[in-house]
Amino acid sequence: MAVAEIWQRFQGRVDEQVKLLEEAIATLNQNTLSSKLLSLAAKEAHTLAGSLGTFGGSIPMRA
């Protein structure tokens with residue numbers, strides 16, 4: 001399966017993950033981030049990072 005096919009297949013899910021991360025960032029900026037949303041955002045960020053790693057990408061990490 002070509003990368004373009006994989007992207008097409010999973011684009012909707014990735015969009016959902018990114019929207020959740022954007023929501024978490026927005027609520028963090030408003031100082032209203034709940035522990036539930038923080039936990040969900042961390043899970044989605046981990047999943048996205050893993051997916052990127054599967055395709056040979058990397059994400060610079062900050063300490």
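Using 19 Å as the cut-off for backbone N distance, which residues of segment 7-27 belong to the label zone defined by a point 7 Å from the Cα of Thr47 along Cα→Cβ?
7-26, by backbone N distance to the label point.
At a Förster radius of 35 Å, what calculated FRET efficiency corresponds to the Cβ-Cβ distance of Glu22 and Ala2, to the nearest 0.05? Working shown, then result.
Numbers: r = 28 Å, r/R0 = 0.81.
Computed FRET efficiency for Glu22 and Ala2 comes out at 0.80.
All of the numbers you see were taken from the coordinates with simple rules; none came from a lab. Just so it is clear, the structure is predicted and the values come from calculations on it, not from any experiment. Heads up, the Cβs are rebuilt from the backbone with ideal geometry, glycines too, and the neighbour counts pull from every protein chain shown.
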